[in-house]
Amino acid sequence: MDTGPLYLEPRLAPRLAALLGSPPFLHMLADALGSPLNVLLPDQAAENAEGFRSVYRRHRLGGQVFFAHKANRSRSLVRRLTTADAAVDVASVGELRRALGAGFTADRIMATGPKDPAFLWLAARSGATVNADGPGELEALADLVRRHGLPRPKVLLRLCEFETSGPRMLSRRSRFGTSVKALGPLLDLLDRHRDRVDPIGVAYHLDTTSADEKAIALEGCLRAMDDLRLRGFQPRVVDIGGGFGVSYLAHAAQWDRYTSELAAAVMGRRPPLTRGGHGYGLHAEGGTLRGALSLYPAHRPVAGAGYLDALLSQPAPTLGRALGTLLLESLYDLYTEPGRALADQCGLTLARVLEVRRTDAGPALVRLAMNANDVALEDHGILVDPVLVSREGGPAGPPEPVGVHLMGNLCLEADLITRRTVFLPRLPRVGDLLGFANTAGYCMDFGATHAQQQPLARTVAVRHTGGSWRWCLDEEYWPIEEYGPTSDSGGQA
Amino acid sequence: MRYDSITEAIGNTPLVRIDPAVHGLRHIDLYAKLEMLNPFGSVKDRAAWNMARAALPGAGERGETVVELSSGNTAKALAVIAGMHGLPFKSVTNRMRIAEVKDLLLLLGAEIEELPGRSECLDPTDTEDPLTLFHQRLNESGGAHLHTDQYFNALNTEAHATGTGPEIVADLDGRAPDWFLACVGTAGSSTGVARALRAHDPAVRVIGLVGEKSDFIPGIRNIDEVHEVGLFDPATYDTIESVGADDAIDGMLTLVRRCGILAGPTGGAAYHGAVRHLQSLDAELTGPVRRTAVFIVCDRVESYLGYVKQRRPELMRRPPARNSVAALSDAEVRAAQVIEVADARKWIAAERPLVIDLRSSFAYAALHIDGSVNIVDELFDELVRGGLPFGKRQPVLLACPVGEQSARYAALLTRMGHPDVRSLAGGIIAWRDAGAPLVRD
């Protein structure tokens, strides 16, 4: 058994590390704007996009990198990306309006996800590319185009259930896309609507970390492109979706040690590591560990742009050549839609410590001015320690590692920020801040609610320039040097 | 030796002493139990046969499919045994990372189902992990399956408690070894052998070897994964130690290069783990008394060439090829003759050069320059190693996707003495973007 503190320290890129290394600045922000508070680093998003572009360049591929807007509802990330070599993937009419209002032109916007008529209409009206889910949506789109005299929209055909030869690869069933087995009828439909929609290629998006599954889908797309060409279309885009992942932890060894100890705790061979002995999907049955760890693989040796690079370098399952080479020599452009990976290291969520209560048995309880909906790490199965941001002026005692439980501000037994016992280098004091690093991808505002009239987090955009930090409200951010009042309130677009 | 069935050849494997000059232990005799010499190639032949034997006739009558969760050797043995008895075999796995084993299973007629990877957008309330669903499907009534269940089946352990273990004692002249070391996969062999040896002499020390967590050694579980194994009981082992993939390959190299034992990486891991564990103990021993230790060599090296090549490419170094683009200098590549799309079109019309498209046949079949010949780069690379593949009076235009690869081959052919070979500037992509015609034949 490992008796030391089981830290899961976050991986911090230089910008985020510098931000967390500026406690007076963070306390000033939280004092003024309240807790919880989301802090974004828009410049990091542009740097991440450049990371993906460099992979495109290495494989000599053209095409676009679309930021999946749904990962973060802030304005500043999207606005910053308008000035980067990036595009945007929108999943609702609201996100589409946001993208247009941020300055994205339609050639850099793709509409994905389930679509209502207004969403389809605005996408077609503005000239955005429509990532079509299936025949129903294509019929609806063609009908809108006919009735309203809209310009002929570019569409991508989202496919699923790719077939394999040899070993059968099982994949989770998706509610999205058209089975490749039904591609024939889909092409018949496109044939009928040839003058109303313009199929520029095919797409997949698989919810899996497995590159082998994605390689099968990508090869399936290459073959589907051939089918389009045989029908007289001129497709030139293969869209491989997102799911490139993020590595949240700084140290693989901490993750390995933590998960080993978690298994030991579930087996009863050490004291629990969670409130109430929760096993994150594992349980013990007759001395054997059963179930599966339902946690995000928080330390990933290959993630983000590196994962894309590895996927493109991987040989196609039956054609044998590297997938990137096949795309290139087939003269196809590559579209990707990273969400989490483009928002990696782009921000943090701050929470004020309201109360520290020592208990007779077990870890101390630390109550925060936030609730579990404000930082959705646990909801996404991501285990990572918050960073203690001390309030200046307090007595600096020697560090003494301590395990605590983090409680939320709702009057609800279940409102735990995490069920995990969190180890901190010392016990926090009332007034300290906890900084949850790297929440910008899906974990910042995805599930935030007004439950019990508790405040929603405000969001600010910050950048370090000229030796000091500058900040503005997220909705006031524009990717230009000037700060301060602007003629447009920015909140209406 | 004459047998009526190949399954009779399972077991009774040799126990071979490792030359002390190789392992360097002064007071301990180290023996390898060569389970790789079982007829289907691994230690799993014993378990597979023991688990399936009694159930086969009934399964045959009911027309059942033999099913196992296996990533390699158990699947291989069961595929053979099922085939011999006219039954289909299906292997379900999320761990099959050895391409050669996959191909061999398909050759043996097995069906392989691979479980999906982890979800990228995780839903922690989803308790239906793929493994749970697999077990549910097997347990559905009316399912025609013979599930051998190697991780939980007591017959797996029994194969070794009654076979492997007693064989070791017999070969050591009726004595149990002082140490027994084995890699833990299903825990069947280590548990079964340990049981037999301890029954003979309770003082025997049993060392279980597991993979390092961040690493992957085929056939071995890591320290967390062993807990998922029903047959695994920590009390079986006096110590559990971990071995890294690099150590396993080093151990394997020692066995294959110096001991004449063509072991795979699992055997290498056992050898490395054995010597590492015994070194300090050996140093403390004095006097004339000899001690003995036995480790298991689980399977053979041949299936793991890809695995080794990927991790240690230097072990399979080849001499540099004579005519190779890799040997070109940057200056030579820059000096290659390139031709812009518009000029190339005129040149093709006027002089009919041989147009060679270096892309894959898949891409070529979809669209290409009319009249061009497709020689995929890998093939072209091999052709030119032997010399110029066409006459010097035949002008040649090379085309690839963006004009980089074709420039390198143009430079190489020029170096080899061809007077008029040109590279299409910007490649087929520039050709398309210039609006020049591409055809599909």
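Residues whose amide H falls under 5 Å from that of B:Arg205, counting only those 5 or more places apart or on a different chain, are B:Trp179, B:Phe180, with hydrogens built in the peptide plane.
Using θ = phi - 60° in the Karplus curve 6.51 cos²θ - 1.76 cosθ + 1.60, the 3J(HN,Hα) couplings for region A:137-145 round to 5, 5, 4, 4, 5, 4, 5, 4, 4 Hz; x is entered for Gly and Pro. Between the beta carbons of B:Asp343 and B:Glu382, assuming R0 = 30 Å, the FRET efficiency works out to 0.50 to the nearest 0.05.
Evaluating 6.51 cos²θ - 1.76 cosθ + 1.60 at θ = phi - 60° for every residue in region B:55-67, the Karplus couplings come out as 8, 4, x, x, 4, x, 5, 8, x, 7, 9, 6, 10 Hz, glycine and proline recorded as x.
Counting only protein heavy atoms and a 1.4 Å probe, the protein assembly as shown has 41 square angstrom of accessible area per residue. Under a Gaussian network description of chain B, with springs only between Cα atoms under 10 Å, the residue in B:Ala344, B:Ala82, B:Ala144 that fluctuates furthest is B:Ala344. Peptide A:319-332 has a mean of 6 when you count, residue by residue, the C-beta atoms of other protein chains within 10 Å of its C-beta.
Pairs A:Lys115/A:Lys214; A:Lys154/B:Lys346; A:Lys70/A:Lys181; A:Lys154/A:Lys181; B:Lys90/B:Lys309: which exceed 27 Å Cα-Cα?
Working: A:Lys115/A:Lys214 25 Å; A:Lys154/B:Lys346 35 Å; A:Lys70/A:Lys181 30 Å; A:Lys154/A:Lys181 23 Å; B:Lys90/B:Lys309 29 Å.
Over 27 Å Cα-Cα: A:Lys154/B:Lys346; A:Lys70/A:Lys181; B:Lys90/B:Lys309.
Only helices enter this figure: runs of n ≥ 4 DSSP H residues, each worth -39500 (n - 2.57), summed and divided by the residues of chain A, yield -8500 deg cm²/dmol at 222 nm to the nearest 500.
Working note: Karplus 6.51/-1.76/1.60 with θ = phi - 60° gives region A:253-267 the couplings 5, 5, 5, 4, 5, 4, 5, 4, 5, 5, 4, 5, 5, 5, 7 Hz, where Gly and Pro are set to x.
For chain A, what is the relative contact order in percent, using Cα pairs closer than 8 Å and at least 6 residues apart in sequence?
Numbers: 1024 pairs, mean separation 108.1, N = 493.
Here the relative contact order equals 22 percent.
Our estimate of slack between A:Ala414 and A:Ser468, defined as 0.36 nm per intervening residue step minus the Cα-Cα distance, is 15.4 nm. Cβ-Cβ distance of B:Ala55 and A:Ala182, R₀ of 51 Å, FRET efficiency by 1/(1 + (r/R0)^6): the value works out to about 0.80.
Take the alpha carbon gyration tensor of chain B, find the square roots of its eigenvalues, order them as a ≥ b ≥ c, and report rounded if a/c is under 1.5; if not, report prolate when a/b exceeds b/c, else oblate. Before the final figure, lay out the partial values.
On the way: a/c = 2.84, a/b = 1.89, b/c = 1.50.
Here chain B falls in the prolate category.
If you take every DSSP beta bridge whose two residues both sit in the protein assembly as shown, what share of them, in percent to the nearest 5, is antiparallel? The partial results should precede the final answer.
Numbers: 39 of 119 bridges.
Beta bridges within the protein assembly as shown, antiparallel portion: roughly 35 percent.
Summing Cβ point charges (Lys, Arg +1; Asp, Glu -1) relative to the Cα centre of region B:325-433 gives a dipole of roughly 300 debye. Surface composition of chain A: carbon plus sulfur atoms contribute 52% of the solvent-accessible area (1.4 Å probe, protein chains only, all chains present).
Of the GluC sites (Glu not before Pro) found in region A:376-470, those that fall in a DSSP loop while having at most 14 other beta-carbon atoms within 10 Å are A:Glu392, A:Glu413.
The heavy atoms of A:Asp85 offer some 90 square angstrom of accessible surface to a 1.4 angstrom probe. Calculate the spin-label point distance for B:Phe152 paired with A:Ile480, positioning each point 7 Å from the Cα along the beta-carbon direction, and give it in nanometres. Once both label points are built, they end up 6.7 nm from each other. If the segment from B:Asp441 to B:Glu302 were pulled out straight at 0.36 nm per residue, it would be longer than the present Cα-Cα gap by 45.8 nm. Rounding to the nearest 10 and keeping the result within 0 to 90°, find how far the Cα-based axis of helix B:130-139 lies from the longest principal axis of chain B. The two axes meet at around 60 degrees. For B:Ile428, the accessible area of its heavy atoms, probed at 1.4 Å with every protein chain present, is near 0 square angstrom.
Given that compact globular proteins tend to follow 2.2 N^0.38 Å, what is the ratio of the alpha-carbon Rg of region A:142-260 to that value? Mind showing how you got there, number by number?
Values: Rg = 18.5 Å, N = 119, 2.2 N^0.38 = 13.5 Å.
Scaled against compact globular proteins, the figure is 1.37.
Note on region B:325-433: with neighbouring protein chains present and a 1.4 Å probe, carbon and sulfur make up 51 percent of its accessible heavy-atom surface. Loop-located trypsin sites (Lys or Arg not before Pro) across region B:239-322 with a Cβ neighbour count of 15 or fewer within 10 Å are B:Arg290, B:Arg317, B:Arg322, with loop assigned by DSSP. Each label point was placed 7 Å from the Cα along the Cα-to-Cβ direction; for B:Glu314 and A:Arg229 their separation is 4.3 nm.
Restricting to Cα pairs below 8 Å that are 6+ residues apart, what does the relative contact order work out to for chain B? Please round to a whole percent. If you can, show how the numbers build up before the last one.
Details: 798 pairs, mean separation 59.9, N = 441.
Over chain B, the number comes to 14 percent.
Once backbone amide H atoms are built at 1.01 Å from N, A:Leu170 has B:Glu114, B:Leu115 as its partners under 5 Å, excluding neighbours fewer than 5 places away on the same chain. A probe of 1.4 angstrom, applied to the heavy atoms of all protein chains, finds A:Thr3 with accessible area near 110 square angstrom. For chain A, the longest principal axis of the C-alpha atoms and the axis of helix A:42-58 are separated by about 50°.
Among the chymotrypsin sites (Phe, Trp or Tyr not before Pro) within region B:1-66, which fall in a DSSP loop and have no more than 16 other Cβ atoms within 10 Å of their own Cβ? Could the numbers behind the result be given before it?
Values: sites: B:Tyr3, B:Tyr31, B:Phe40, B:Trp49; in loops: B:Tyr3, B:Phe40.
Loop-located and lightly packed - B:Tyr3.
Note down the relative contact order for region B:1-61 as a percent, whole number, built from C-alpha pairs under 8 angstrom at least six residues apart. Please report the intermediate quantities before stating the final value.
On the way: 47 pairs, mean separation 18.5, N = 61.
Averaging sequence separation for qualifying contacts and normalising by length gives 30 percent for region B:1-61.
Modelled spin-label separation between B:Thr65 and B:Phe390, with each label point placed 7 Å from Cα along the Cα-to-Cβ direction: 5.1 nm.
Give me the percent of DSSP beta bridges within chain B that run antiparallel, rounded to the nearest 5. Don't skip to the answer; put the middle values down first.
Values: 6 of 49 bridges.
The antiparallel proportion sits near 10 percent.
Name the residue, out of B:Val289, B:Val22, B:Val243, whose mean-square fluctuation peaks in a Gaussian network model built on chain B with Cα pairs under 10 Å. With Cα springs under 10 Å in chain B, the top fluctuation among B:Val289, B:Val22, B:Val243 is at B:Val289. According to the square roots a ≥ b ≥ c of the eigenvalues of the Cα gyration tensor, what is the shape class of region B:305-404, taking rounded for a/c under 1.5, prolate for a/b larger than b/c otherwise, and oblate for the remainder? Cα axes put region B:305-404 in the prolate bin. Determine the shape class of the protein assembly as shown: with a ≥ b ≥ c the square roots of the Cα gyration tensor eigenvalues, call it rounded for a/c under 1.5, and otherwise prolate if a/b is greater than b/c, oblate otherwise. Taking the square roots of the gyration eigenvalues as a ≥ b ≥ c, the protein assembly as shown is oblate.
Only Lys, Arg, Asp and Glu carry charge here, each on its Cβ (+1 for the first two, -1 for the last two); on that basis chain A has a dipole of about 300 debye about its Cα centre.
Axis of helix A:183-192 versus longest Cα principal axis of chain A: the two differ by about 60°, to the nearest ten degrees. Taking B:Glu378, B:Glu314, B:Glu114 in turn, the Gaussian network model of chain B (Cα-Cα springs below 10 Å) assigns the largest fluctuation to B:Glu378. Shielding of peptide B:425-431 by partners, expressed as the average count of other chain Cβ atoms within 10 Å per residue Cβ, is 2.
Binning all Cα-Cα separations of chain A at 10 Å, short to long from zero, yields these whole-percent fractions: 4, 18, 26, 24, 17, 8, 2, 0. Shielding of peptide A:293-301 by partners, expressed as the average count of other chain Cβ atoms within 10 Å per residue Cβ, is 3. For A:Arg458, nonlocal amide neighbours, meaning residues 5 or more places apart or on other chains whose placed amide H falls under 5 Å from its own, are A:Asn38. Once B binds A, the 1.4 Å probe can no longer reach about 4300 Å² of accessible area, counting both sides.
The values are calculated or read from the model by the stated rules, or taken from the named source; none is laboratory data. What you see is a predicted model; the values in this text were computed from it and never measured. For neighbour counting, all protein chains shown are included, and Cβ atoms are generated from backbone atoms with ideal geometry for every residue, glycine included. Keep in mind that these areas ignore ligands, DNA and RNA; they rest on the heavy atoms of the full protein, side chains included. Shrake-Rupley method; radii C 1.70, N 1.55, O 1.52, S 1.80 Å.
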